[in-house]
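Here is the structure we will look at.
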Amino acid sequence: MSRETGPKRSGSNSVDLAGELAKDADVRELPSGSRLALLTLRVPLTDERKTSVPVTVWDPTRSVATARAGRRAEVTGRVVRRFWRGADGAALSRVEVVADRVRIR
């Protein structure tokens, strides 16, 4: 099949981000024994403005688990939206990046 007549992709879900950590890594151990690190990556929108992006890292390396605010980080991953119910029963959601690779500088 040629490129022109082949099936069209409906899209992809891959993101590469580079910025600085807005706060120290928050490492949590789940009842299953799995660990995750929650990062907040501050990335530029424009020369003057930045936005914070939540990043989840499953089974973080030591360098990720001990990362401190202000450190530079590069993240490759995918965008996901999680849904859950709050204590009051209200439906809640959050968009975040689930990291496949994190490099702390």
TODO: Only Cα pairs under 8 Å and at least 6 apart count here; give the relative contact order of the chain as a rounded whole percent.
DONE: 28
Open item on the list: Need one number: % antiparallel among DSSP beta bridges in the chain, to the nearest 5.
Closed with: 95
Task: Residue-averaged [θ]222 nm for the chain, counting only DSSP H segments that reach four residues, each worth -39500 (n - 2.57) - done: -500 deg cm²/dmol
Open item on the list: For a quick size check, give me the Cα extents of the chain along its three principal axes, largest first, whole Å.
Closed with: 49, 39, 30
- [ ] Please identify, among R94, R28, R68, the residue showing maximal mean-square fluctuation in a Gaussian network model of the chain using a 10 angstrom Cα cutoff.
- [x] R94
Open item on the list: Over the chain, with a Gaussian network built from C-alpha contacts below 10 Å, which listed residue (L38, L21, L30) shows the highest mean-square fluctuation?
Closed with: L30
Open item on the list: With just the Cα atoms defining each centre, how far is region 81-105 from region 42-62? Give it in Å.
Closed with: 13
Task: Candidates R49, R35, R71, ranked by Gaussian network fluctuation over the chain, Cα under 10 Å, top entry - done: R49
TODO: Would you mind checking which residues have amide H under 5 Å from T61's amide H? H placed 1.01 Å from N; only 5 or more apart, or other chain.
DONE: none
- [ ] Report the calculated FRET efficiency for R68 and V95 (r = Cβ-Cβ distance, R0 = 30 Å), to the nearest 0.05.
- [x] 0.75
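FYI, it's all coordinate maths here, none of it is from the lab. This one's a predicted model, so the numbers in the text were calculated from it and none came from an experiment. Virtual Cβ from ideal backbone geometry, glycine too; neighbours counted across all protein chains shown.
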